[in-house]
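Below is one structure; the comments refer to it alone.
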Amino acid sequence: MARKPVHYVKRRVGISPRQRLAAWGALLCYGVGFVVLVVLVISRPLYALGVLALTLAFLVSVFVAVTSQGFVRRLTTVVAVVCGLTAAGAVLFWRPDERSISGVVGAFAVVLFILGTFLSRHALWVPPPTGPELFNVEPGTRVTRHPVLILNLKSGGGKAKSFDLPGACKEFGIEAVILEPGARLEELAEDAVSRGADALGMAGGDGSLAFVASVAAAHDLPFVAVPAGTRNHFALDAGLDRTDPRQALSAFLNGEERRIDYATVNGSMFLNNVSLGVYAAIVEQDSYQDAKVDTTLSLLPKLWADGGPWFDLQFDVPDHGRLERAAILQVSNNPYDSLEAGRRTRLDTGELGMVTVDPQRIADLVGITLLTVAGQPDKSSALWSWAAPTLRVESGQAELASGIDGETVSLTTPIEFAAVPSGLRLLLPPGSRVGVAEQELGSSRYTGLFSVALGLERVDD
């Protein structure tokens, strides 16, 4: 089959009046909040220092509690509760006659910073394309003739069924293939190709996409991702509407093609990331899906104390040397954005993104966990990140547990990772924007806010 030309999105994104208003609101909230805090510190320095000291004591106590066991954990938990309640009481009830310049003012400043953050997200975010106009097809311009979509009706709590994706497929002339118990996705996709499919799609979670995408890449066919899972991380980076998977079906009609990378681990495709080490062990826990942070923090001290195969990882880190006992290794299809936790700047860099933690003590593991929750994982001194087209991981274990796109898989060692530049023809709804670099206005939050507020920023593909 002759390769079809690649069509890149050609869209000019302007700033809507609501975005400009949100940018002005965010700047106002940040500015007033900062002034209020300065005034509070100047007018009540002892009060401000006291609340700060209690807050620091609370954070330190929490840190010690999650990095210890037995009596020390119980004691520091009590201290954390006492410090937290005392700090909250000082903010809300200390000297009621002076609340206007103490507790209430401080709480008001915090509210302003939170509101500013929400407004800035709206001001700088370019939403995914939605609406019935996505499905308007000019005669003779439809991009696929025989598209096939494989549906996992159980994924995401039955999301495909609740949005009636089978019915939508029938309406738009898309062949729907239902994944039945015991069936293999690759076999269903190969069968669709043998019957003349000129585009393949998968409606399911992140763990299902790569199986069908690998068949599409092998036959040089366009691939459509329909976000019918629970979290749909790949769909987020691909610029799809995760709230309504039906919108993604427009790619079969009016799709615009983007060449993106995929990655392989021991020869098998993955689209998001692979986790090795203690987090791979944590992902295996039944409680992880519903309580990620709690499960992680509760298990880290025990895993550290027990040691075991989770730490048996050896690989080379540029400018750092060879690690012989890494606790965490995450390898992603393209590097993650250091400012946007869990988001990738681009999907076409041609490189893997590696993040590892070289812990000297259990506190390093807990610290990186808490910093990740706060959206600042790169602040950890134990964290190393780099990008490269390949990575080889060795171990004294014959097999290692891993988390591949959220699914637990056992991998034979040594483990070989490789990036495949521009290896996947991703078919997207018209106007889709791939990666944080395209989905946000401005190079940084504050410069972006000023640009949007003043109407200086125009982003072109």
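We did not get these values from a lab; they are worked out from the coordinates using the rules stated. Because the structure is a prediction, the values reported are computed rather than measured. Note: ideal-geometry Cβ built from the backbone for every residue, glycine included; neighbour counts use all protein chains shown.
For Leu271, Leu221, Leu85, what's the fewest-to-most ordering of other Cβ within 10 Å of each Cβ?
Working: Leu271 28, Leu221 24, Leu85 12.
Ascending number of Cβ neighbours within 10 Å: Leu85, Leu221, Leu271.
Sort Thr408, Thr390 so that the residue with the fewest other Cβ atoms within 10 Å of its own Cβ comes first and the one with the most comes last. Spell out each step's value before the answer.
Values: Thr408 15, Thr390 12.
So the residues, fewest neighbours to most, are Thr390, Thr408.
Where does region 143-254 land on Rg(C-alpha)/(2.2 N^0.38 Å)? If you can, show how the numbers build up before the last one.
Details: Rg = 12.3 Å, N = 112, 2.2 N^0.38 = 13.2 Å.
After normalising by residue count via 2.2 N^0.38 Å, the value is 0.93.
Run the numbers on region 99-221 and let me know its relative contact order in percent, using alpha-carbon pairs under 8 Å that are six or more apart. Walk me through the intermediate numbers first.
Numbers: 105 pairs, mean separation 31.2, N = 123.
In percent, rounded to a whole number, it is 25.
Could you tell me how far the Cα centroid of region 409-427 sits from the Cα centroid of region 169-204, in Å?
22 Å
Note down the magnitude of the dipole of region 143-254 about its Cα centre, charges +1 on Lys and Arg C-beta and -1 on Asp and Glu C-beta and zero elsewhere, to the nearest 20 debye.
Details: 10 positive and 14 negative charges, 65 e Å.
Computed charge dipole of region 143-254: roughly 320 debye.
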